[in-house]
Amino acid sequence: MSGPFCRRFSMQPDRLTQIRHYLYLHGITGVNELARVVDTSVVTVRRDLHRLEELGHVRRTHGGAEIVNSGGLEIGFEARESHCLMIKRAIAEAAYASLRPHSSIFLDSGTTVLQLARRLRLGPIPLTVFTNSIAIVQALLDTPQLQLCLLAGRVRNENRSIVGPMAERSIEGLWFDQLFLGASAVQPDGGIATPDCEEASLNAAMVRRAGERLLLIDSSKFGRHATFRVAGLEDLGHLITDDGISGEWLARLEQAGVACTRVRSAGGEAGDE
């Protein structure tokens, strides 16, 4: 079918859908940029954001908005990587201080753990580094003193990670002195969880094969929900977060026997992993 009839019914996404999609891909975005993207006025965009916030799809910020991470929705990797970067770097700095020369470590595919890899590139230590993260391999290529090992398996584009049965089988034959793990949520019942089934299964295998298990996670993740459970707080040894964590959660960590290191948030917002 061709001609005017076809053009008439070649529909473009409505403006609210365009805004949601752009926020999903790019993270926090100002109203001026959104107005340019959807080709409308700032006043109209503000009205659209108010409507999307009422529907629970976005969260308005100072001068802009961000997508709400709920119902298993994963924010785009680039958006998560850049969101609350200073908090992630502070957490990574504290994690770097716990590294032990001549040991074997596993770095999972979380964006906070990626900041640890970048810190390690700045100050190389003789280590054997295993990972399922393509982004971490790219960050650590040609770093002196490191032996770098990437798991084999299926590439999961959403998280730039390697997952699946092949990756799990390879982990079962390995042992790591330290595991540095991220997560999408620490649920109200104390479960550490993620939105993807294969990612969760592989993370659980990492936990089983590591001597010291460190969770790198910002304070906004506490009390959230994600679909697939990885482990419980009692399965960890050490948690590194920012000072936005509540007293209630600190008490629960102490009760579970988990050491907690808090870094200063410097007034920044805690963000997605």
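The values are calculated or read from the model by the stated rules, or taken from the named source; none is laboratory data. This is a predicted model, so every value here is computed, not measured. Backbone-built Cβ (ideal geometry, glycine too); neighbour counts: all protein chains shown. Remember, those area values only see protein heavy atoms, side chains included, never the ligands or the DNA or RNA. Shrake-Rupley method; radii C 1.70, N 1.55, O 1.52, S 1.80 Å.
Return the only residue of ALA90, ALA97 being at negative phi, modelled with pLDDT of 90 or more, in the same structural domain as ASN132 (by the TED database) and crowded, with 18+ Cβ neighbours inside 10 Å.
ALA90
Output the residue which, of all residues in the stretch 223-273 that are under 20 Å from ALA90 (Cβ atoms) and hydroxyl-bearing (Ser, Thr, Tyr), is modelled with the lowest pLDDT.
Residue satisfying both the conditions and the ranking: SER265.
Whether any residue in the stretch 206-216 is closer than 20 Å to MET86 by Cα, charged (D, E, K, R) and open to solvent by 20 Å² or more (accessible area, probe 1.4 Å) is what I want to check.
Checked against the condition, which is being closer than 20 Å to MET86 by Cα, charged (D, E, K, R) and open to solvent by 20 Å² or more (accessible area, probe 1.4 Å), the stretch 206-216 yields no hits at all.
List, please: which pairs have Cβ atoms under 8 Å, are six or more places apart or on different chains, and start with a residue in the stretch 122-150 that is outside the structural domain of ARG89 (by the TED database) and end with one that is of a type outside the set (A, V, I, L, M) and modelled with pLDDT of 90 or more?
Cβ pairs passing all conditions: none.
Within the stretch 217-228, how many residues are open to solvent by 30 Å² or more (accessible area, probe 1.4 Å) and without any contact (Cβ under 8 Å) to a residue 40 or more places away in the chain?
Residues that pass the stated criteria total 2.
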